[in-house]
Structures are given as structure tokens and as C-alpha cells.
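See below for the structure under consideration.
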Amino acid sequence: MLLFTLNIVSQKHKSSKMGQTTLEELKMTVYAKDSSASAVVLYEHTNRYPDKFNDETPRTDYYYRIKILNKSSFNLADIVVNLYKKQKITNISAVSYNLKENGTIETTILLNKDIFTVKEDENWVIKKFTLPNIKEGTVIEYKYSILSPYLSIKDWNFQSDIPKIKSKFDAAILGNYTYHIKLVGPLKLNFNEVTVDKKCVFIEGIGSGACVIYNYSMNDIPAFKEENYMLSKKNYISRLTFDLKSSTSYRGVVKNLTTTWEQADESLKKQFFNNQTSKKKYFKKNIPDSILNTENNLIRAKQVYSFIQNHYSWNNKNWTNEDAKVKKAFKEKTGNVGEINISLYNSLKAANIDANLLVLSTRDNGMPTKLFPIIYDYNYVIVKATISNKEYYLDATDKFLPFGQVPVRALNGEARVISFKEDGEWTVLKPFQKSTKSTRLSLKLDKNGEFSGTLNIKRTGYSAANKRKEIAGINEEDYLSEFESENVDIEVEEYKVRAEKDIKKPLQESFNITIFKSDQLKNKVRINPFFFERIKENPFKLKERTYPVDFAYPRKSNYSLSLKIPENYKITQLPKDIAIALPNNGGRFILKTVQKNNLITLFIRFSIHKKSYSSEKYFTLKEFFKQIVIAESADIILEKTI
């Protein structure tokens, strides 16, 4: 017992203590290795170990010391800790340090009355506090401990959106638990040591037990810079991940928690779908006979999809792996992703359509690993229907997507097909329908400097779905008011929309418009002809990007302008024709202008042909968009002749 006490106390002593702030840290006004940083983590440390005084429950001590350099990072003083079910928080301590005019340190301690508890729901409690007396130059220091009976270990993020000088992770894990431990991201560890303490714990009647001691640290960690067109930053930030692999009882019985994908598939079928995949009879009673009696399989499947799609309203919650209740959800006409799409699966089976379920991780949830099964990585479920040897991927949560088109949030690498007859398999989800946008503008310029004419926009794929969703959520008057607010020089005289609710067809909008550019034409007139769809700034600005560019899906847009100018003006300058392309048919931009008397016709063809581009292609892509910005900044110049 003495050995037990000494070893556990030794591990506990590895936890960082409060009161480490120095005058040098308070005098810092800029972080030398990143002068743009609004704050910097001076030191952070977590230490996990069995807590002798709480029945060896795993305890994790957290410590943070952060320098706030300017007010844009004042929010770092707002601390939120999420606690799941049986987790408990203890030993909260927080202090703010400021530099007085006389060069001494002023300390302000967080009071217990300023620590708040909020019960989110039956599973989650939030503990909140805000460090006091925050100013530019403040150093905040705080710590707390979490006691958790659960075996999962939270990822440790070495990298975040502010730089860090030092980040450290220590853990003593009982030897009867084994984890897959993985370092994600491009950065390297400065310290990496794994040892074994054979006398880590003492269990009465059994004897000493061993712990594996993990020590990791990283120094001088740059901030992770987010940019447009990326998957979840969780995929790319440097972090440690821990996935429980197996546990061994004190009698030596090993329980493998993640073994093969075949076994994981069985767990998904039996446990995670909550016995909700055998409700074929229930849905057969609730689907109209007119649908079930349709002879053509594809038409029947489309009708089933439309029936479920329009019956439900999605509650914006993803698949929760445990609480799907399809009968209850069907009666209430609302549900989460699991309830809606498992209902679709049952309905297709009731209609004698070959269907399977697919599990996946959404774009904002991170890419799941394929090296070994971690079924908790998946937060979404959709349906695969096979008709005449052709596969269709279906998600009935979005009322604006046609049969076969899954939401953009589901386009995140590979999905796992869960077959109830055969072995599971992997598949890559791709858009079923092309996403295009065609903008046609026909204008006439009068002597008062007003452009009048028509604007026609035709959309397909995700472009059409997004616009339908926008139109459906607002009345026409408010929609046009927002359109005019976004385009301050434009006034809409008349508006029509076609196929607004027919999601199988392209969405088409027609506007009669007037554009006000100047009070009256002068001797020399400068016009930027890219009234719509202009790319005004490069979406890619980083000096270096270490993660891929992900557009989610290919897209194509066309822009055409027919502009008639007054007879008493001549054209002295037009935008230069240009044709640029990304390597390996990755994308293309073409700009061409044609002049015939006083009629100017301008065409643009812009396309991105691939879903994603590696980080090695970043500078090529950045230059591609740079040239587009330059091309679309060019003006038409007119000069008065009489």
C-alpha cells in the first residue's frame, strides 16, 4: 500500500501548479515568432492518472497559462467545460495577472460565486467561468481537474488558432487497457517517451498493477490558419488521438473493443441502429397503395423517397448512434438523420427495393480512420438503393435535393456500406447531378447613365438546391429587398421564378432591372462589365498551406453580357481576352469580348473540375484565382464622339 501511495502521488505531482507567471511574460507586447498573433499560449499541460482518493477513477488535471496581446482575444478568458453524465469537475482555480505602472504584478483571483453550472440536457452539464480584470497584456492562468469513469481519452490538441510556446501531455494508463495512439498533423514532437511503471497501483488480494506512462510535448507551435475550401480543421491540426483497442480483466480475460471491420459491421447492425431496421411491415401500412403498386422500380423508389422526404421535417440533429425511434418519429413527422433515413430504408424495403444503409462522418466532423474500426467516428447515416444494377445514394433530410443527390455535408471521403446479407464495403460518395450556374445579362445604356434590361439565372445541382432553400424561407418582397441590398445600384422592376418547387428541374429566375451607375454620361465613361459573379478577391491568401483545398464538388459557371451603348459613344478599351487553365484538366477560365458597332458581347466560362487539390497544387491554384481577379477588374472605356 505504501508503494501504491508513493507511485500515485508521484504521478499527481507531475501536474502543473499555479503561480508560474513572470514579469517577463507580463512585459511581452508581441510574440516574436508570430507578430500577428493576438494571444499566445505560454504553457499548457494535461496529466491523466488513476486517482487513489476516488477509487482509482481516471483523473485528468488541466493547466493553462495564456498571454492576451490584444482585445480580439479577450474571449480566451471565457472558459467552458463540457461534462458528460458521470463526469465531475473539481479544483477549479483561476487568476488574472496585470502589470502595474510601478512595475509590480497585480493579481485578481476568480471567486467561487463566479463559477456557473448549466444543465444542457439529460446527458450534458456545462461548467462556465470568466477570468476577471482582462486587459491587453493580461496573463491568464487557470487549472481544473475532471474525474471520468469512462475509458475514452479526449484528443489532445497541440495546435490551435493561436501559437503556443509549449504544450505537454502526460498520462499513466493502467496496463490492462490498450489504446491506438496516433499523432495527427504535420508537426513533430519535441519529446516522446513511453515507459512502464510495474508498481503503479496496488489492488488488495491481487497485488501490484502496472501502468504505461506516456510523456509527449511540443514546443514553438505555430497557429493553425484556416482558409476557404477546407474540410474540418480536426483533420489537419497537430494532435494526439486515443482510441481504446482492448481491455483485460484482472483474471486475464481480454476483450477486444476494435478488431475487424466485419465485427464492427455486426455491432452497427445489432447495437447502433437500435433494432430499428426491421420495421418493414409498419411502413408498408403507412405508404400509400398508389406508390406500392407502381410497376416501374425506379419510379416506385423515387415516389417512396419523395413521400418520406416530404413527410418529415429534419430537426437538424445528426445520427446519435443510440436513440433512433422510427415509429415515434414518423407519427410526429420530425426526427434526426438516423430516424429519417432509417425510415427511408424501411420504406424502400417495404416497396421491394434493394436497399442498404451507409454510415459516414460529415465534413465538419472529421475524416474517420480506416486503419481500424472506430465506429464512434461516424455521425451520419444515409441509404443506398440498387435498381437495375445502378446505385443511388439517398438522404431524405433535405427537401430541396432530388433523388440521388446527397447533401454537401455528406461528401467527406469514403462511407461504409452496412449490408444485412453480405460483408460491408467502402464507397466514395459523389454528386449525382452537376452543379452549374448560368447568368445572362442583356443591358442598354442610356444618356443618363442608367442601364436597363434583363437578368436571367439558371441553376442546377447544389447551386439550385441552395437557392431554393433561400427562396423558400422568405417571401418574394423580402427576397427582392435583400437582392437590392446586396446589389446597391440595382432596382428590380419585375421578377419571375420557374421550377421553384420542382426539384427535378433546373431553377430559373428572371429579372427586369435598372442599374444606376452615374447621374449623366460624361465625355469619358468607365464601366466594369462584371455586374454579377465577379471574383473580387483571391480566396487563397496563405503563404503556405499544408492541407488540401477541398471544393466538396466540381462546379461550373457561365456569365454572358450583351451591352448596347449610345450611338454617340465609341469603345476605346475592352477587357483583354484570356484563357487560363489548371494542370491536368483541373479547371479553366475563359474570358472573351466581341464588339460589333455599338454592341458589346462578353462571355466568361469558369469551371473547377475536381473535388479537391493537394497542398502541392496550392500555389498553382492561388495563381489561377489571382489571374481571374486581375481579369475581372478590367473596365470597358467609352469616349464621346459628338
May I ask you to list the residues in segment 55-80 that are surrounded by fewer than 17 Cβ atoms within 10 Å (Cβ to Cβ), more than 19 Å from residue 98 (Cα to Cα) and modelled with pLDDT of 95 or more? 80
For segment 491-536, give me the residue count where each residue is in contact (Cβ under 8 Å) with a residue 40 or more places away in the chain and either surrounded by fewer than 14 Cβ atoms within 10 Å (Cβ to Cβ) or of a type outside the set (Ser, Thr, Tyr) (or both). 31
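Among the residues of segment 614-642, write down those that are among the small types (Gly, Ala, Ser) and closer than 30 Å to residue 568 by Cβ. Explain how you work it out, then say what you get.
Residues of segment 614-642 that are among the small types (Gly, Ala, Ser), as a first pass: 614-615, 631, 633-634.
The answer is 631, 633, 634.
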If I go through segment 506-548 residue by residue, how many of them are farther than 19 Å from residue 630 by Cβ and basic (Lys, Arg)? 5
Residue under evaluation residue 24, criteria (1) under 26 Å from residue 161 (Cβ atoms); (2) surrounded by 15 or more Cβ atoms within 10 Å (Cβ to Cβ); (3) acidic (Asp, Glu), criterion not met: (2)
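Quick check: anything in segment 105-124 under 25 Å from residue 13 (Cβ atoms) and touching a Ser or Thr at 6+ places or on another chain (Cβ under 6 Å)? I'd like the intermediate steps shown before the answer.
Filtering segment 105-124 down to residues under 25 Å from residue 13 (Cβ atoms) leaves 107, 109-110.
Going one step further and asking which of them are touching a Ser or Thr at 6+ places or on another chain (Cβ under 6 Å), we end up with none.
No.
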Matching residues in segment 294-329 - criterion: being small (Gly, Ala, Ser) and either over 27 Å from the mean Cα position of the chain (by Cα) or assigned to a helix (DSSP H, G or I) (or both): 301, 306, 329
Going through 562, 510, 557 one at a time, which residue ends up being over 35 Å from the mean Cα position of the chain (by Cα) and small (Gly, Ala, Ser)? 562
For residue 231, are the conditions met, namely being outside the structural domain of residue 537 (by TED's automatic domain parsing), in a loop (DSSP other than H, G, I, E, B) and modelled with pLDDT of 80 or more? yes
Among the residues of segment 49-107, which ones are of a type in the set (Asp, Glu) and under 27 Å from the mean Cα position of the chain (by Cα)? 78
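Please tell me if residue 360 is in contact (Cβ under 8 Å) with a residue 12 or more places away in the chain, buried (at least 18 other Cβ atoms within 10 Å of the Cβ) and under 27 Å from the mean Cα position of the chain (by Cα). Write out each step before concluding.
On the way: in contact (Cβ under 8 Å) with a residue 12 or more places away in the chain: yes; buried (at least 18 other Cβ atoms within 10 Å of the Cβ): yes; under 27 Å from the mean Cα position of the chain (by Cα): yes.
Here the answer is yes, as residue 360 does meet what is asked.
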Reported set for segment 572-591 where residues are in a strand (DSSP E or B), under 37 Å from the mean Cα position of the chain (by Cα) and not aromatic (Phe, Trp, Tyr) is 578, 579, 580, 581, 582, 587, 588, 590, 591
Of (1) under 26 Å from residue 435 (Cβ atoms); (2) in a helix (DSSP H, G or I), residue 339 satisfies every one except (1)
Might you check whether a residue that is farther than 17 Å from residue 440 by Cα, free of Cβ contacts under 8 Å to residues at least 24 places away in the same chain, surrounded by fewer than 18 Cβ atoms within 10 Å (Cβ to Cβ) and basic (Lys, Arg) occurs anywhere in segment 564-573? no
Against the conditions (1) in a helix (DSSP H, G or I); (2) crowded, with 20+ Cβ neighbours inside 10 Å, where does residue 291 fall short? Just the number, please. (2)
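Considering only residues of segment 406-455 that are in a strand (DSSP E or B) and free of Cβ contacts under 8 Å to residues at least 24 places away in the same chain, which is nearest to the chain's Cα centre (by Cα)? Explain how you work it out, then say what you get.
We begin by selecting, within segment 406-455, every residue in a strand (DSSP E or B); these are 414-418, 425-428, 436-445, 450-455.
If we keep only those that are free of Cβ contacts under 8 Å to residues at least 24 places away in the same chain too, we end up with 425, 428.
Details: 425: 25, 428: 18 Å.
Applying the filter and picking the extreme gives 428.
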On the basis of being assigned to a strand (DSSP E or B), out of contact with any Phe, Trp or Tyr (no Cβ under 8 Å at 6 or more places or on another chain) and surrounded by 14 or more Cβ atoms within 10 Å (Cβ to Cβ), does residue 604 make the cut? no
Those residues of segment 219-239 which are within 11 Å of the chain's Cα centre (by Cα) and among the small types (Gly, Ala, Ser), in sequence order: 232
Residue 169: within 30 Å of residue 225 (Cβ to Cβ), assigned to a strand (DSSP E or B) and touching a Ser or Thr at 6+ places or on another chain (Cβ under 6 Å), yes or no? yes
Condition set surrounded by fewer than 19 Cβ atoms within 10 Å (Cβ to Cβ) and more than 18 Å from residue 182 (Cα to Cα), scope segment 207-218, selection farthest from the chain's Cα centre (by Cα): answer is 207
Residues satisfying the stated conditions in segment 540-556, i.e. outside any loop (DSSP other than H, G, I, E, B) and not aliphatic (A, V, I, L, M): 550, 555, 556
Starting from residues that are part of a loop (DSSP other than H, G, I, E, B) and of a type in the set (Gly, Ala, Ser), keep the ones in segment 607-642 and report whichever is surrounded by the fewest Cβ atoms within 10 Å (Cβ to Cβ). 614
Among the residues listed as 328, 333, 384, 349, the single one being surrounded by fewer than 24 Cβ atoms within 10 Å (Cβ to Cβ), basic (Lys, Arg) and in contact with a Leu (Cβ under 8 Å, 6 or more places away or on another chain): 384
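The values are calculated or read from the model by the stated rules, or taken from the named source; none is laboratory data. This is a predicted model, so every value here is computed, not measured. Cβ sites come from the backbone with ideal geometry, for glycine too, and all protein chains shown count toward neighbours.
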